[in-house]
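Here the structure comes first, spelled out in structure tokens, and everything after it is commentary.
The values are calculated or read from the model by the stated rules, or taken from the named source; none is laboratory data. All values reported here derive from a predicted model rather than from experimental measurement. Here Cβ is always computed from backbone atoms with ideal geometry, including for glycine, and neighbour counts include all displayed protein chains. For the accessible areas, the whole protein counts, side chains as well, though only heavy atoms, and no ligand, DNA or RNA atoms are used. Shrake-Rupley method; radii C 1.70, N 1.55, O 1.52, S 1.80 Å.
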Amino acid sequence: MKMNKRNARITLVVMAALLIFLAFVSAVGIGPMGTGAAKNIILGLDLSGGVSVTYQVVDEDPTAEEMSDTVYKLQQRADTYSTEANVYQEGSDRISIEIPGVSDVNAVLEELGQPGSLEFQLEDGTVVLTGSDIQTASAASQKDDLGNLEYVVKLELTSSGAEAFAEATSENVGNYIYIVYNDEIISAPVVNEAITGGTAYISGMSSASEAQSLASSIRIGALSLELEEISSKVVGAQLGQDAIKTSLIAGAIGIVIVMIFMIIVYALPGVVAAFCLLLYTCMTLVCLNAFDLTLTLPGIAGIILTIGMAVDANVIIYARIREEISAGKSVKGAIQTGYKKAFSAILDGNVTTLIAAFVLNMLGTGSVKGFAQTLALGIVLSMITALVISRLIMNALYEVGFRDEKYYGRARTYKQFDFVGHRRVFFAISLVLILLGPVFMGVNSAMGNGVLNLSLDFKGGTSTTVTFNEEMSLDELEADVKPIFTEVTGDAEVQFQTTQGSTEVYIKTSVLDLDQRQEISEALEEAYDLEATAILYDSISATVSSEMRQDAVVAVIVAAICMLIYITIRFHDVRFAGSAVLALLHDVLVVFACYAIVRISVGSTFIACMLTIVGYSINATIVIFDRIRENQKLMPGSDLAEIVNASVTQTLTRSIYTSFTTFITIFMLFLIGVATIKEFAFPLMVGVVAGAYSSVCVTGSLWYVMKSHAAAKESEAETSGEKQEIPDERKPEKPETATAQKPSQAKAAGQASAKKNSAKKKSKKK
């Protein structure tokens with residue numbers, strides 16, 4: 001028997017090692033160059049470069065609104081190639097598009113198509129309308145002649161478009177009008193009647209999604225301006241190889257620390273968690289390649305963050321197993337029950353975050369969409385490794401002989417702290433932290449520094465094109481050229497972009513006035529022996545347009561509403577959802593205050609940081625709410641405050657451990673990462689601490705206050721109902737003919753009658 005167990009253990013270890021090896025080979029590959037999935041992951045413009053295309057506006061004197069609308073719609077087109085594509089205005093009448101992970105300029109131009117290529121054509125090919133004639137297109141629904149619901153696309157035409165369309169439809173009733181985008185027919189509706197009002201409806205959609213898709217294609221194709229290509233080139237990475245190298249080193253160190261921590265704290269289950277963490281990392285690399293997700297430097301930081309968060313599910317499970325062992329269950333029973341009891345918290349937390357990711361992916365654009373996809377991938381993989389693979393390994397270890405509870409440990413009993421009793425102190429601390437944001441924003445504005453330190457992504461700046469006498473590497477540019485710009489502008493934010501096969505370098509900085517441009521030109525000419533004509537300046541717009549910001553805000557609001565609905569349904573109490581959303585808002589505002597106080601650059605990573613905090617915060621809150629829901633059944637008759645305090649105390653270890661593992665991975669990025677990563681890591685560390693504080697000290701107390709207030713109002717209503725007398729004008733003349741009384745009134749009447757009878761009996765006895 002001992003030999004069989006020994007063989008079984010050896011087999012288990014060999015299989016585990018083989019699984020890790022196969023996953024590693026699939027993800028990273030073997031050999032000095034690597035042949036795995038990681039080698040084929042699409043890298044963003046900041047890591048590997050891509051294609052840059054510049055368009056010139058054909059129309060004379062385009063308005064700011066027309067330029068902004070065109071930039072936004074081109075961004076939607078570019079998103080079909082990569083969620084990390086950048087579209088921004090250059091000068092007063094040019095638009096640049098940067099698409100990462102692509103090297104064939106001609107292929108991109110052919111697939112992207114000439115802007116404004118949407119046309120409405122008759123059967124003979126005659127063009128009735130162009131994209132500029134369409135004011136807007138939207139999906140809608142209406143009732144058909146039989147009263148059934150049908151999905152349609154509503155078109156609003158410009159005045160000139162309405163006139164041309166009225167003439168064309170009047171002469172072509174019963175004929176097709178083809179909607180052509182990039183020489184491809186995307187719809188072919190039949191003209192049922194003359195359309196003279198400037199509003200048209202395209203019917204025949206089989207679903208709302210089909211109507212939305214067609215409306216989106218028409219909107220994207222309906223550019224406000226006509227553009228022509230003036231330049232296209234392959235550009236190099238914006239960041240050097242050191243950025244990738246240091247980020248990967250930081251990630252590796254963080255993972256190792258987390259693995260060691262889990263083994264020390266949880267013994268045998270910790271070993272399983274470490275194994276699953278390695279597997280999770282390899283699976284993430286494989287899936288990034290399989291789903292063609294674009295990986296940027298902030299994306300690397302986001303993945304490393306999800307590695308820290310992936311430990312959370314294991315912590316919840318192992319804490320439950322220890323609780324069951326302490327309660328007297330056998331190890332086998334504790335394992336089964338532990339996974340069963342942890343399932344609801346893990347499911348609700350991850351599904352809530354998945355809902356947010358889904359909404360952000362549907363409604364967001366650019367980096368918001370890319371973040372949502374990476375977040376969803378991390379959540380799904382972490383659930384698979386924690387709930388499936390981890391469970392199989394734990395059961396296998398038990399079967400091969402690891403049955404003694406010493407391998408698993410017992411839950412420690414901690415003295416219960418009165419979190420609810422100290423709620424006013426916690427609420428006051430939170431209020432101060434939140435108000436620091438507006439206060440410092442006001443101070444910054446009064447000092448003339450701007451309420452926030454907006455980066456080029458949000459406020460635009462100046463693009464300096466320098467043609468050097470020889471090719472310059474990013475490391476040389478960072479070491480020698482950057483100090484020249486920094487000294488003149490006093491701003492450390494300087495972005496470089498090289499051009500493949502050329503000595504041209506594009507340098508993006510904050511807005512340069514004439515004196516600053518002159519000073520920089522003189523310094524560059526002297527340092528690199530350049531002619532004045534080798535240096536050109538252009539103003540550039542923000543890469544994060546107002547429409548993109550609006551889309552991000554709308555997506556977050558809709559995501560919060562969807563999460564609120566889900567939590568309400570799952571917990572059967574809207575107060576759980578309300579307090580969870582308030583805690584989420586608390587964490588976001590605290591991080592926002594951090595940006596205002598420390599003056600961290602608010603760039604494209606700002607949106608990713610805020611969205612990360614949203615996902616992290618809601619997940620931590622759900623765990624505590626799950627325990628409150630459970631204790632309401634296990635502690636009948638207990639005071640609400642006692643239930644909350646017990647629940648927070650029971651999950652305190654989990655909150656601390658998860659926050660630590662997440663914090664340490666981000667801290668390593670901050671410690672040895674490049675400047676761009678540090679700007680992303682620092683507010684994330686603040687967010688993790690804020691999330692841990694709010695989930696432990698604020699959320700439970702918020703729910704208690706809401707629940708107690710509701711209970712007090714119900715009690716007050718019942719009490720006032722019992723004491724209320726019937727007005728004189730409504731009293732019946734004959735009591736014996738009165739209708740049935742309310743229970744409370746009947747009870748009061750019965751008590752009065754009983755007292756009266758008792759008094760009569762006493763008088764008789766006397």
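Taking segment 59-81 as the range and being open to solvent by 20 Å² or more (accessible area, probe 1.4 Å), closer than 11 Å to LEU223 by Cβ and either aromatic (Phe, Trp, Tyr) or touching a Ser or Thr at 6+ places or on another chain (Cβ under 6 Å) (or both) as the test, the residues that pass are GLU66, ASP69, TYR72.
Determine whether THR489 is of a type outside the set (A, V, I, L, M) and surrounded by 19 or more Cβ atoms within 10 Å (Cβ to Cβ). It is true that THR489 is of a type outside the set (A, V, I, L, M) and surrounded by 19 or more Cβ atoms within 10 Å (Cβ to Cβ).
Please identify the pairs in which a residue from segment 195-220 that is over 17 Å from GLY131 (Cα atoms) has its Cβ atom under 8 Å from the Cβ atom of a residue that is modelled with pLDDT under 85 and part of a loop (DSSP other than H, G, I, E, B), counting only partners at least 6 apart or on another chain. That search, which allows pairs on different chains as well, returns SER203/ASP144. Taken over segment 311-341, residues that are among the aliphatic types (A, V, I, L, M), more than 18 Å from SER659 (Cβ to Cβ) and touching a residue at least 24 places away in the same chain (Cβ under 8 Å) amount to 5.
Set side by side, the residues GLY161, GLY204, GLY221, GLY254 differ, and just one is more than 14 Å from PHE120 (Cα to Cα) and in contact with a Leu (Cβ under 9 Å, 6 or more places away or on another chain), which is GLY254. Quick one: is GLU229 of a type in the set (Asp, Glu), modelled with pLDDT of 75 or more, within 25 Å of VAL173 (Cα to Cα) and open to solvent by 70 Å² or more (accessible area, probe 1.4 Å)? Spelling it out, it is not the case that GLU229 is of a type in the set (Asp, Glu), modelled with pLDDT of 75 or more, within 25 Å of VAL173 (Cα to Cα) and open to solvent by 70 Å² or more (accessible area, probe 1.4 Å). Can we say THR662 is of a type in the set (S, T, N, Q), open to solvent by less than 20 Å² (accessible area, probe 1.4 Å) and under 18 Å from the mean Cα position of the chain (by Cα)? Yes: the conditions hold for THR662.
Beta carbons closer than 7 Å, at least 6 apart along the sequence or on distinct chains, pair a first residue in segment 671-686 that is at pLDDT below 80 with a second that is part of a helix (DSSP H, G or I) and surrounded by fewer than 19 Cβ atoms within 10 Å (Cβ to Cβ) for GLY673/THR246; VAL674/ASP242; VAL674/THR246.
Residue-wise test of (1) crowded, with 16+ Cβ neighbours inside 10 Å; (2) under 20 Å from VAL351 (Cα atoms); (3) at pLDDT 90 or above.
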position: GLN550; (1), (2), (3): no, no, no
position: SER579; (1), (2), (3): yes, yes, yes
position: ALA596; (1), (2), (3): yes, no, yes
position: ILE600; (1), (2), (3): yes, no, no
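Consider GLU150 carefully, then state whether it is under 39 Å from the mean Cα position of the chain (by Cα), open to solvent by 50 Å² or more (accessible area, probe 1.4 Å) and either among the charged types (D, E, K, R) or over 21 Å from MET205 (Cβ atoms) (or both). Spelling it out, it is not the case that GLU150 is under 39 Å from the mean Cα position of the chain (by Cα), open to solvent by 50 Å² or more (accessible area, probe 1.4 Å) and either among the charged types (D, E, K, R) or over 21 Å from MET205 (Cβ atoms) (or both). VAL494 satisfies every condition listed in (1) open to solvent by 20 Å² or more (accessible area, probe 1.4 Å); (2) without any contact (Cβ under 8 Å) to a residue 40 or more places away in the chain; (3) touching a Lys or Arg at 6+ places or on another chain (Cβ under 8 Å) except (1).
Of the candidates PHE468, PHE485, PHE496, PHE458, the single residue that is among the aromatic types (Phe, Trp, Tyr) and at pLDDT below 85 is PHE458. When VAL614, VAL544, VAL591 are screened for being farther than 29 Å from VAL696 by Cβ and surrounded by 21 or more Cβ atoms within 10 Å (Cβ to Cβ), only VAL544 passes.
Being out of contact with any Leu (no Cβ under 7 Å at 6 or more places or on another chain) and at pLDDT below 75 is the filter; apply it to segment 235-249 and report the residue that is most open to solvent (accessible area, probe 1.4 Å). Once the filter is applied, the top-ranked residue is GLN241.
Please determine whether any residue of segment 210-219 is modelled with pLDDT under 75, surrounded by fewer than 17 Cβ atoms within 10 Å (Cβ to Cβ), assigned to a helix (DSSP H, G or I) and not hydrophobic (A, V, I, L, M, F, W, C). Yes - at least one qualifying residue is present in segment 210-219.
Note on segment 408-465: residues that are surrounded by fewer than 13 Cβ atoms within 10 Å (Cβ to Cβ), under 29 Å from GLU679 (Cα atoms) and of a type in the set (S, T, N, Q) amount to 2.
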